[in-house]
There are 2 protein chains.
Amino acid sequence: MTRPIRVAQLALTDHARPVTTTVDAIDETGRSVPTPIAGEHPLTLYLDRRELVTLMTLGAAPEHLALGWLRNQRLVESIDELAAVQVDWETGSVAITSRSLRDEGTALWARSGREAALDATLGRRTVTTGCGQGTVYGDLMQSLDTIRLPQDARVSQASVYAVMEQVRRHESIYKIAGAVHGCALCTNPRDGSMPTILRFVEDVGRHNAVDAIAGWMWLQGIGGADTIFYTTGRLTSEMVIKCAQMGIPVLMSRSGLTGMGHELAARIGITMIGRCQGRHYLLFTGRERFVDAPPAP
Amino acid sequence: MTRPIRVAQLALTDHARPVTTTVDAIDETGRSVPTPIAGEHPLTLYLDRRELVTLMTLGAAPEHLALGWLRNQRLVESIDELAAVQVDWETGSVAITSRSLRDEGTALWARSGREAALDATLGRRTVTTGCGQGTVYGDLMQSLDTIRLPQDARVSQASVYAVMEQVRRHESIYKIAGAVHGCALCTNPRDGSMPTILRFVEDVGRHNAVDAIAGWMWLQGIGGADTIFYTTGRLTSEMVIKCAQMGIPVLMSRSGLTGMGHELAARIGITMIGRCQGRHYLLFTGRERFVDAPPAP
């Protein structure tokens, strides 16, 4: 099933930050209310000492976030190219070292002409970055047509309910402090048994949470084919694109979706289920892959 | 009070898009449910024919969004430098023309050496852009210390409730389709009368909604001193920074806040009120400017 093929050989720190702090607030009755709030910290990514980006993050999974960001931005093709990911909160930075730099004292990027490619990619990002939409538009839209998702992934009403129930029971920062989005990667067993949570990540930006899951999958060597992705956030174009890149054929959300999220999911062949709350959900795309649904009344 | 000082002389299109479309979904009982969903469209900004950025937007206020983005990115200092903002959905673009280009056939930026400044700004953005966090980190953090907000802006429990009630009664895309964030700019009268909504904007990204309000304020010549800003979204560092840039001393949110949002609001002198739901709210910062609060029990 969705077992790790191999765990990448990578020197990783394990520097998660405390995720909440408590501040004092005054409520409508004039009472002082100690209130837990979610952390938000700048984390600057360096690849072979080259500064790439500053992400604002909860800091719960900074190493996976850095890896997943590199992966989803397609700045590094294989995790095997990387030797180390080292987070230092003193300086708010994460140093990612490629194997070339470590082994030969020369940056992979400089040697292979990928410095130019990186320049081009970072340069393009300048004009394709949207406020609140992350950094993936221009280029990725073009690459979507090359993505082929498995069209034999089935999902049933029972498995949808199982994912919802597992997420509901999961301990979360959101329950304590709000102001974060959660993402869960779940199994989607082919033998009819119920999905379970493989990985659950929360962050102040939903894009960070999905990137941190992408990084974890990369590290574990887990593909997306036999998984279901759940998010508390909205299914916008960027969420659909990122999940497609991760090879995940089934998307669920507690929230709604946008027109472009809907259009892309239909085009790529993603089964998309929104408004998952209580015993309610709405199946938006991929009904031909939804099994054991009740007959239309 | 918060009356327009002057409306900028600017040639504007008025090309709002239809904000929702209806798609067919299947619910948990197998029933087909026509479901309105929010639009999401790429809009590429060009300043004097130079490509700047692609924003994913609902498209309800594209001209104001373009203006506010330029303003909040501090790429244009005064709206008087601009001659035209023209949205064309056929090409998904908005052409912003500076007065220099229109009047003299030469781009302001090229003539005045600001082409280089623009290069530097766009270049810096490359390394300071966060997924889901918009494009404002690095630079803006440094500029925060130069922002002086009026410290005489008072807010009362009655005015907090008045804002909440006005927003609750406002017609919104959110009620129809979800998947959007709303922002409202409200008056904050000094004579003790109740706040009213000056402008209400929804968008698929909360950063877009706040930018669209910034653009509208710019166009109307309205400063932030006598206003209250309400958002359905979380009060992250970036939301606090943008509102500080707009000169708004009071922030309210239906949602929670992050640690950095809290820290910045306290440092800049913003009165921040979160978790506004029903008759409940939490005053996080600026209690010395909160008047008529009930005495502590």
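The values are calculated or read from the model by the stated rules, or taken from the named source; none is laboratory data. The shown structure was predicted, so the numbers you read here are calculated from the model rather than taken from an experiment. Every residue, glycine among them, receives a Cβ derived from its backbone with ideal geometry; neighbour counts consider all protein chains shown.
A few remarks follow.
- Against the list (1) modelled with pLDDT of 95 or more; (2) more than 17 Å from B:THR57 (Cβ to Cβ); (3) of a type in the set (Gly, Ala, Ser); (4) in contact with a helix residue (DSSP H, G or I) (Cβ under 9 Å, 6 or more places away or on another chain), the condition B:GLY215 fails is (2).
- Within the stretch A:14-83, strands (runs of 3 or more DSSP E) holding 1 or more residues that are in contact (Cβ under 8 Å) with a residue 40 or more places away in the chain, closer than 24 Å to A:LYS242 by Cβ and not aromatic (Phe, Trp, Tyr): A:32-38, A:41-47, A:50-57
- Residues satisfying the stated conditions in the stretch B:153-175, i.e. assigned to a loop (DSSP other than H, G, I, E, B) and either buried (at least 21 other Cβ atoms within 10 Å of the Cβ) or in contact (Cβ under 8 Å) with a residue 12 or more places away in the chain (or both): B:ALA153, B:ARG154, B:HIS170, B:SER172
- When each of B:LEU251, B:LEU283, B:LEU235 is tested for being touching a helix residue (DSSP H, G or I) at 6+ places or on another chain (Cβ under 9 Å) and over 25 Å from B:ASP191 (Cα atoms), the lone residue that passes is B:LEU235.
- Residues (closer than 22 Å to B:GLU238 by Cβ and surrounded by fewer than 16 Cβ atoms within 10 Å (Cβ to Cβ)) located in the stretch A:37-56: A:GLU51
- Only a single item in (1) in contact (Cβ under 8 Å) with a residue 24 or more places away in the chain; (2) in contact with a Phe, Trp or Tyr (Cβ under 6 Å, 6 or more places away or on another chain); (3) more than 13 Å from chain A (Cβ to nearest Cβ) is not met by B:GLY269, and it is number (2).
- Members of the stretch B:260-278 found to be assigned to a loop (DSSP other than H, G, I, E, B) and over 16 Å from B:ARG148 (Cα atoms), listed by number: B:GLY278
Matching residues to (1) of a type outside the set (A, V, I, L, M); (2) over 16 Å from the mean Cα position of the chain (by Cα); (3) in the same structural domain as A:GLU40 (by TED's automatic domain parsing):
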position: A:ARG234; (1), (2), (3): yes, no, no
position: A:GLU238; (1), (2), (3): yes, no, no
position: A:GLY256; (1), (2), (3): yes, yes, no
position: A:ILE273; (1), (2), (3): no, yes, no
position: A:LEU283; (1), (2), (3): no, yes, no
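- Residue list for the stretch B:219-247, restricted to those being away from chain A (no Cβ under 12 Å), of a type outside the set (Val, Ile, Thr) and farther than 18 Å from B:LEU67 by Cβ: B:ALA225, B:ASP226, B:TYR230, B:ALA244
- Of the residues making up the stretch A:176-191, one or more are in a loop (DSSP other than H, G, I, E, B), facing chain B (nearest Cβ under 10 Å) and surrounded by fewer than 24 Cβ atoms within 10 Å (Cβ to Cβ).
- Answer from A:THR258, A:THR271 - the residue that is at pLDDT 95 or above and either of a type in the set (D, E, K, R) or within 22 Å of B:GLY39 (Cα to Cα) (or both): A:THR271
Residue by residue, here is whether (1) free of Cβ contacts under 8 Å to residues at least 40 places away in the same chain; (2) closer than 25 Å to B:VAL33 by Cα holds:
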{"residue": "A:PHE200", "(1), (2)": "yes, no"}
{"residue": "A:ARG206", "(1), (2)": "yes, no"}
{"residue": "A:ALA212", "(1), (2)": "no, no"}
{"residue": "A:TYR230", "(1), (2)": "no, yes"}
{"residue": "A:ILE241", "(1), (2)": "no, no"}
{"residue": "A:GLY247", "(1), (2)": "no, no"}
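- Among the residues making up the stretch B:1-13, those that are in a loop (DSSP other than H, G, I, E, B) and at pLDDT 85 or above are B:LEU10, B:THR13.
- Note on the stretch A:197-244: residues that are surrounded by fewer than 21 Cβ atoms within 10 Å (Cβ to Cβ), of a type in the set (S, T, N, Q) and not in a loop (DSSP other than H, G, I, E, B) amount to 1.
- Here B:LEU283 fulfils each of the conditions (1) facing another protein chain (nearest Cβ under 9 Å); (2) touching a residue at least 24 places away in the same chain (Cβ under 8 Å); (3) not in a helix (DSSP H, G or I) apart from (2).
- For the stretch B:250-259, the condition holds for at least one residue, the condition being that it is at the interface with chain A (Cβ under 9 Å from one of its Cβ atoms), touching a residue at least 12 places away in the same chain (Cβ under 8 Å) and not in a strand (DSSP E or B).
- Selection within the stretch B:189-232 - under 11 Å from the mean Cα position of the chain (by Cα) and among the basic types (Lys, Arg): B:ARG199, B:ARG206
- Check on B:TYR174, of a type in the set (Phe, Trp, Tyr) and either modelled with pLDDT of 85 or more or in the same structural domain as B:GLU238 (by TED's automatic domain parsing) (or both): yes
- Just one of the listed residues (B:ILE96, B:ILE79) is surrounded by 13 or more Cβ atoms within 10 Å (Cβ to Cβ), hydrophobic (A, V, I, L, M, F, W, C), under 18 Å from B:VAL210 (Cβ atoms) and modelled with pLDDT of 90 or more, namely B:ILE79.
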